[in-house]
Amino acid sequence: MNDKERDQLLTEIDDAVKQRAPWEERQTKWYQLRHNGLRRQNKPWPNAADLHFPLIDTQIEKLKPLFMQQAFGMDVVASFTPMRSQLSAYTTTAESWFNYKIREKTNLSDEILSWVDWTLMSGRGVIKCFWNNADKRVEFDAIDPNYFLVPTWATDVQSSDWMVHVMPMSVAAYRRTAAQRGWDDSDSTVKAIRGGPQQGNIPNTNSETNEKQLREGITYTSNSDQVIVWEVYRKTDDGKWEVCVMSPAQRDKYLRDPMELPYDHGQAPFIDFPYEIKDKGWYSPRGVAEILAAYELSLTALWNNQ
């Protein structure tokens, strides 16, 4: 990726962050509605009832076992079909070996709980599959939808031109991760990327543009003991995936040199799961919270009146 392509990609990422602002605001509202409820703004008298009917949370908790059953309810997590004639015992052995490795030697059973919860809550969940070189095993990472950026027109992960996994972490966690993954952890680099954006690192530095580009926890952090790392995946002209690691606080420098993904299947290591299928677009699927919000507010008002 040359400098021109990098600058163009960063511009597209900034535009995507700006365009998804209405979706972010809705997710904040749904999160508050599910966990704490929307408090009454004008009580009819002091100490009047201010209850919260937990309809959304109740329905999400009821649906979780259904999705977990779909993932782990079968005897094996996957069934194999041989490409050539062989004894069925070989196929059964391969299925059992794969099932053991996935269920017992990975963290999928833990991460899938968060994946399902975010899917039900936000309408689309994303999970990442990668090789942990330190532990020598496959691992999974359920990603908070707020920390996963794609073009707004994308319909799914594999059809997207690029995607960004936003990873907020402490300085100590960054140094540990850098040692495992070969990131630049020199003192000068850590000093440059920790805390808020450094002067001159964000293009078009007028205040109006900065207000559109800056998102706490996404493009910068005000915590001086924290860093924001972007793992950027970009589809090249020949259809292969190129990945680079950078920080939005220092956009002109890579934390690790760009590399081409070595997987033979040619796909990005992310799986997205929409809760509903409707009009196309990454942010089109609604979660349980958005679907049931009006009903929960109505029941809460009725409860308070009683």
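The values are calculated or read from the model by the stated rules, or taken from the named source; none is laboratory data. Every value quoted in this text rests on a predicted model; they were computed, and no experiment measured them. So basically every Cβ, Gly included, is an ideal-geometry build from the backbone, and we count neighbours across all protein chains shown. Areas reflect the complete protein model, heavy atoms only, side chains present, ligands, DNA and RNA absent. Shrake-Rupley method; radii C 1.70, N 1.55, O 1.52, S 1.80 Å.
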Thr119 out of contact with any helix residue (DSSP H, G or I) (no Cβ under 6 Å at 6 or more places or on another chain) and either in contact (Cβ under 8 Å) with a residue 40 or more places away in the chain or of a type outside the set (Val, Ile, Thr) (or both): yes
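Table: residues versus (1) assigned to a strand (DSSP E or B); (2) modelled with pLDDT under 95; (3) under 19 Å from the mean Cα position of the chain (by Cα).
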{"site": "Met246", "(1), (2), (3)": "yes, yes, yes"}
{"site": "Ile271", "(1), (2), (3)": "yes, yes, yes"}
{"site": "Gly281", "(1), (2), (3)": "no, yes, yes"}
{"site": "Ala301", "(1), (2), (3)": "no, yes, no"}
{"site": "Asn304", "(1), (2), (3)": "no, yes, no"}
Helices (runs of 4 or more DSSP H) fully within segment 108-201 counting 1 or more residues that are among the hydrophobic types (A, V, I, L, M, F, W, C) and touching a Gly at 6+ places or on another chain (Cβ under 6 Å): 108-122
Scan of segment 225-244 for residues that are open to solvent by less than 40 Å² (accessible area, probe 1.4 Å) and assigned to a strand (DSSP E or B), ordered by number: Val227, Ile228, Val229, Trp230, Glu231, Val232, Tyr233, Arg234, Trp241, Glu242, Val243, Cys244
Hits in segment 131-152 - residues which are under 28 Å from Gln19 (Cβ atoms) and either at pLDDT 90 or above or touching a strand residue (DSSP E or B) at 6+ places or on another chain (Cβ under 7 Å) (or both): Asp141, Ala142, Ile143, Asp144, Pro145, Asn146, Tyr147, Phe148, Leu149, Val150, Pro151
Pairs where the first residue, in segment 75-100, is open to solvent by 70 Å² or more (accessible area, probe 1.4 Å) and the second is part of a helix (DSSP H, G or I), C-beta under 7 Å, 6+ apart: Ser79/Glu95; Phe80/Thr91; Phe80/Ala94; Phe80/Glu95
From the options Arg26, Arg84, Arg39, residue that is part of a helix (DSSP H, G or I) and not aromatic (Phe, Trp, Tyr): Arg26
Boolean, Asp257 is within 30 Å of Asp184 (Cα to Cα) and part of a loop (DSSP other than H, G, I, E, B): no
Subset of segment 158-179 [within 30 Å of Asp238 (Cα to Cα) and either buried (at least 17 other Cβ atoms within 10 Å of the Cβ) or among the polar types (S, T, N, Q) (or both)]: Gln158, Ser159, Ser160, Trp162, Met163, Val164, His165, Val166, Met167, Ala178
Enumeration of residues in segment 261-285 that are open to solvent by 60 Å² or more (accessible area, probe 1.4 Å) and out of contact with any helix residue (DSSP H, G or I) (no Cβ under 9 Å at 6 or more places or on another chain): Pro262, Tyr263, Asp264, His265, Gln267, Ile277, Lys278, Asp279, Lys280
Search result, residues across segment 30-53 that are farther than 12 Å from Asn304 by Cβ, in contact (Cβ under 8 Å) with a residue 60 or more places away in the chain and open to solvent by 70 Å² or more (accessible area, probe 1.4 Å): Tyr31
